[in-house]
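Reviewing the structure listed below.
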């Protein structure tokens, strides 16, 4: 059966509701299925993300309970200068994470684990695994997922539900993921299930933070939550299941995209023709890393001067720059010497283009993104933890993303130590 028998519940289903932030709370909490979860659960609307607040960075923190400077996933993508975004590799594989994960601990405790499109799980120890992974440069998508997930399980889900998908287009991808989730709950009854649903994040990126499309995505998500809860009922495990619904980051509306590498190119630190660089910005949307070639003190001095001058001009949208001492306080990887943070209304891009500043509003484009400091206003995330032994209606105060994994370990009653976060013991009845 698995498990130590000392936990709060035998099953934990974690539903990552990508982009579910505090500004969505009023609408979401009144919908039928979210209301059902809240009636048996604790909640928080001030869950603090990590820096930079990118999906793969945050999801790695969720399953490890440690900050990015320890788990090693510091961006969605490894650093790949001059490679177009659509052709870049991502941190798709488990070996990008340098510390133990909660799903490794569950497996060690002889528990059944499942993952549906959870980031950074290619070749992971998850028993029933469809990793989030994408084909690039002419690769075959189906073959790549089969190779890096659980082949029989993945093939079976594709045969049953593949017709629902239209590539990665939403809402069809999340509809497919939800069908795979409910099927897995009914047939496999996993002890730990990790599910990543992307519809809301996609709508915010494409249409801005407050739009009819975003409201429609929130309503669709509520239906999916209901389907997952119903599957637990059908499997006969509802009363011994804790549901965790968690947002990973907020979004901010963007008017101007700023191509910071243009500034470095103008001063000779980048040659895009020969693909040579001495300093290079790696954008994270609302922030960016400044990479300097190793031991190139001259390039470092010049790049810092360029950055300082750019900060004096409002048009570049740089709110602040962080030196190494400040990055330590933000738990940013030691390899990063400098980062810059964008002001509200601005985001950063890697690409070197004719125009350094791209006015989206002037082109009639709606857009929002993330990657900003987790301490930006109106940027915190929502968390719901719901189950029979969870305190109903209990509102948590300010908590951290690193608290998720130790809380899951406490619920399942499995050892998982050396976390930066803590178990949220105050949510448990009879604690």
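Would you say residue 266 is out of contact with any strand residue (DSSP E or B) (no Cβ under 8 Å at 6 or more places or on another chain) and modelled with pLDDT of 95 or more? Considered against the rule, which asks whether it is out of contact with any strand residue (DSSP E or B) (no Cβ under 8 Å at 6 or more places or on another chain) and modelled with pLDDT of 95 or more, residue 266 comes out as yes.
Of all the criteria given as (1) surrounded by fewer than 19 Cβ atoms within 10 Å (Cβ to Cβ); (2) farther than 30 Å from residue 251 by Cα, the one not satisfied by residue 191 is (1). Only one of the numbered conditions (1) over 27 Å from residue 290 (Cα atoms); (2) without any contact (Cβ under 8 Å) to a residue 12 or more places away in the chain; (3) touching a strand residue (DSSP E or B) at 6+ places or on another chain (Cβ under 9 Å); (4) part of a loop (DSSP other than H, G, I, E, B) is not met by residue 126, and that is (2).
Name the residues in region 245-265 that are in a strand (DSSP E or B) and crowded, with 23+ Cβ neighbours inside 10 Å, would you? Full working, then the answer.
Step one: of region 245-265, the residues in a strand (DSSP E or B) are 245-246, 252-259.
Listed by number, the residues that qualify are 245, 252, 254, 257, 258.
Please verify whether residue 240 is at pLDDT 95 or above and either within 15 Å of residue 23 (Cα to Cα) or within 23 Å of the chain's Cα centre (by Cα) (or both), treating the condition exactly as stated. Break it down stepwise before answering.
Details: at pLDDT 95 or above: yes; either within 15 Å of residue 23 (Cα to Cα) or within 23 Å of the chain's Cα centre (by Cα) (or both): no.
Judged against the criteria, residue 240 is not a match.
Inside region 377-388, can you point out the residues that are closer than 18 Å to residue 205 by Cα and either outside any strand (DSSP E or B) or outside the structural domain of residue 62 (by TED's automatic domain parsing) (or both)?
Taking region 377-388 and keeping what is closer than 18 Å to residue 205 by Cα, we get 378-381.
Those that are closer than 18 Å to residue 205 by Cα and either outside any strand (DSSP E or B) or outside the structural domain of residue 62 (by TED's automatic domain parsing) (or both): 378, 379, 380.
Taking into account only those residues within region 338-371 that are assigned to a strand (DSSP E or B) and without any contact (Cβ under 8 Å) to a residue 60 or more places away in the chain, which is farthest from residue 325 (Cα to Cα)?
Just the residues of region 338-371 that are assigned to a strand (DSSP E or B), to begin with: 338-342, 345-349, 357-359, 368-369.
Right, trim to without any contact (Cβ under 8 Å) to a residue 60 or more places away in the chain and you get 338, 341.
Working: 338: 10, 341: 15 Å.
So, considering only residues that are assigned to a strand (DSSP E or B) and without any contact (Cβ under 8 Å) to a residue 60 or more places away in the chain, the one farthest from residue 325 (Cα to Cα) is 341.
Take the residues in region 42-86 that are modelled with pLDDT under 95 and part of a helix (DSSP H, G or I); name whichever of them is nearest to residue 133 (Cα to Cα). If we take residues in region 42-86 being modelled with pLDDT under 95 and part of a helix (DSSP H, G or I), then 86 is nearest to residue 133 (Cα to Cα). The number of residues in region 223-233 that are out of contact with any strand residue (DSSP E or B) (no Cβ under 8 Å at 6 or more places or on another chain) and either closer than 28 Å to residue 204 by Cβ or crowded, with 17+ Cβ neighbours inside 10 Å (or both) comes to 5.
Determine, yes or no, whether residue 189 is in the same structural domain as residue 105 (by TED's automatic domain parsing), modelled with pLDDT of 95 or more and more than 26 Å from residue 409 (Cβ to Cβ). I'd like the intermediate steps shown before the answer.
Values: in the same structural domain as residue 105 (by TED's automatic domain parsing): yes; modelled with pLDDT of 95 or more: yes; more than 26 Å from residue 409 (Cβ to Cβ): no.
Spelling it out, it is not the case that residue 189 is in the same structural domain as residue 105 (by TED's automatic domain parsing), modelled with pLDDT of 95 or more and more than 26 Å from residue 409 (Cβ to Cβ).
Residues in region 289-311 that are touching a strand residue (DSSP E or B) at 6+ places or on another chain (Cβ under 9 Å) and assigned to a loop (DSSP other than H, G, I, E, B) were compared, and the one that is farthest from residue 261 (Cα to Cα) is 296. Condition check for residue 35 on (1) in contact with a strand residue (DSSP E or B) (Cβ under 9 Å, 6 or more places away or on another chain); (2) surrounded by fewer than 19 Cβ atoms within 10 Å (Cβ to Cβ); (3) not in a loop (DSSP other than H, G, I, E, B): one failure, at (1). Taking (1) touching a strand residue (DSSP E or B) at 6+ places or on another chain (Cβ under 9 Å); (2) surrounded by fewer than 24 Cβ atoms within 10 Å (Cβ to Cβ); (3) under 30 Å from residue 353 (Cβ atoms) in turn, residue 74 satisfies each apart from (2).
For region 128-139, give me each residue that is more than 23 Å from residue 224 (Cβ to Cβ) and in contact with a helix residue (DSSP H, G or I) (Cβ under 9 Å, 6 or more places away or on another chain). Step through it out loud before you land on a result.
Within region 128-139, the subset more than 23 Å from residue 224 (Cβ to Cβ) is 135-139.
Selection gives 135, 136, 137.
When 268, 236 are checked against the criterion of being surrounded by fewer than 16 Cβ atoms within 10 Å (Cβ to Cβ), in the same structural domain as residue 290 (by TED's automatic domain parsing), free of Cβ contacts under 8 Å to residues at least 60 places away in the same chain and not in a helix (DSSP H, G or I), a single residue qualifies: 268. In summary, residue 195 fulfils each of the numbered conditions (1) touching a strand residue (DSSP E or B) at 6+ places or on another chain (Cβ under 9 Å); (2) over 20 Å from residue 121 (Cα atoms) with the single exception of condition (2).
The values are calculated or read from the model by the stated rules, or taken from the named source; none is laboratory data. Just so it is clear, the model here is predicted, and its values are computed rather than measured. Cβ sites come from the backbone with ideal geometry, for glycine too, and all protein chains shown count toward neighbours.
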